[in-house]
1. Report the relative contact order of the range 36-130, percent, no decimals, based on alpha-carbon pairs under 8 angstrom and at least 6 residues apart.
2. Given the C-alpha centroids of the range 173-213 and the range 60-105, what is the distance between them in whole angstrom?
3. Between ALA72 and SER267, what is 0.36 nm times their sequence separation minus the Cα-Cα distance? Round to one decimal in nm.
4. Given 0.36 nm per residue, what is the gain on full extension from MET247 to ARG225 after removing their alpha carbon distance, in nm?
5. Name the longest site-free stretch of the chain, where the excluded sites are trypsin sites (Lys or Arg not before Pro) in a DSSP loop with no more than 10 other beta-carbon atoms within 10 Å.
6. Could I have the simple spin-label model distance between LYS364 and ARG339, label points 7 Å from Cα toward Cβ, reported in nm to one decimal?
7. Any idea what the dipole of the chain comes to, in debye rounded to 20, about its Cα centre with Lys/Arg Cβ at +1 and Asp/Glu Cβ at -1?
8. Give the long-range amide H neighbours of LEU115: residues separated by 5 or more places, or on another chain, with amide H under 5 Å away, using H modelled in the peptide plane at 1.01 Å from N.
Amino acid sequence: MPSRRHILQLLAAAPVLTAAGCSGPDATPDPYAAWRQPGQGESDPRRFVLAHGLLAPNPHNRQPWLVRLEGADAMSLYVDRTRLLPETDPFHRQIVLGCGAFLELIALSAPRLGLAADIQAWPKGAPGPGLDDRPFARVVLRPDPAAKAGPFFDQIVRRRTEKAPFLPERPSDSAVREVLAAATGPGLIAGETRDPELRDPLAAICWKAWEIETGTPRTHLESVRLMRIGKAEVARNPDGIDISGGMMEVLARAGVMTREALSDPNSMASRTGVDMYREMIDATPGFFWIRSETADRSAQLAAGRAYARAQLAASTNGLVLHPWSMALQEFAEMAGPYRQVQALLGARPDAPVQMLVRMGTVRKVSDPSPRRKLDDLILS
Ligand SMILES: Cc1cc2nc3c(=O)[nH]c(=O)nc-3n(C[C@H](O)[C@H](O)[C@H](O)COP(=O)(O)O)c2cc1C
């Protein structure tokens, strides 16, 4: 059985165990630092697993997670309700999916220290359409002689959400099989298509849904407010939608890429955005999705965990995933695409599609997205 001393030795070795393969920008503090050697120098195993957890995919990169450390080896995880997306995610379904992804990366990193993460979801009961003060999970880390980090652990720092046009090649059967296997679980059904007969109508619904979200001022402005334009803004607010680096810096400095311009559908910045997203949806050789058999909070948490595994499996097998969630959003103007996508994928509002995701390959993976500091997540 691994002793505490053994765990501390493993923690001390953490710097050489992981490699993010990314470099930070000049800005201080470095908003991408979390990707390099997560957990380095930590002496508390909970902080090691949390340093990996916060690299999880999550809607609009809000990172809506809070943690209370309890005793020597336990912690309760909460939704940070100051970080919700009330316009595009009125019932906080996507936020809970992001919490599931956070939880999954915690569970996958505990074995690296010879520990198992015992997880109780919604230990004080689950909330209804609103969220409340109750934790979404309680985690206890305990020594486990059988614990061994699996192949997904190494992908935690390599995984990216690729917001880019994909190569035209059809993803291979073997890689797609691995992604589906990673996402399938009790109460969850994973599906995919690379067949134009289903791919084309799905792409058309996705595009319509994108137009509705960006054409509805209150939902569009929710995203615009979360855009971080230029390196300095990203460094000040290492969350939200990162619009920095390369050409974006030039456009931001020239006053072309501003929040005001992005709020105006006729601006050059907005028209450029339309072209970029149109190119992405057109360059989508396949879609992947996760349905759940129920629509409750536990199903949402489980689907978020499954999605995190799917993205790590994709990364292991040379595929990339990019959620395209607009048609799954539950605000009134989206009712048409919502109904269509559920029907097309054999789902219903009480057994819904939880994730709808572009799937393909890219020539070169992108840089990581920013992350907040671990200390900012921990409640005193
Ligand atoms: C539930 C959920 C929904 C998401 N929906 C979208 C989406 O509609 N469009 C998009 O570009 N990214 C979407 N994402 C991906 C996030 O934007 C991404 O995870 C976040 O920006 C952090 O980037 P990273 O995954 O590369 O670390 C979604 C992620 C989750 C977990």
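Only the coordinates and a few stated rules stand behind these numbers; no lab work does. Computed from a predicted structure; not experimentally measured. FYI the Cβ positions are ideal-geometry reconstructions off the backbone, even for glycines, and counts take in every protein chain you see.
1. Numbers: 101 pairs, mean separation 27.6, N = 95.
Reported as a whole number, the value is 29 percent.
2. One Cα centre to the other: 25 Å.
3. On the way: separation 195, 0.36 × 195 = 70.20 nm, distance 5.44 nm.
Once the chain is fully extended between ALA72 and SER267, it gains 64.8 nm.
4. On the way: separation 22, 0.36 × 22 = 7.92 nm, distance 2.06 nm.
Once the chain is fully extended between MET247 and ARG225, it gains 5.9 nm.
5. Working: sites that count: LYS148, ARG363, LYS364.
Longest site-free region, per DSSP loop and neighbour criteria: 149-362.
6. Rounded to a tenth, the inter-label distance reads 4.6 nm.
7. On the way: 46 positive and 43 negative charges, 155 e Å.
Charge dipole of the chain: 740 debye, to the nearest 20.
8. Residues meeting the criterion, in which the H sits 1.01 Å from N, are ASP144.
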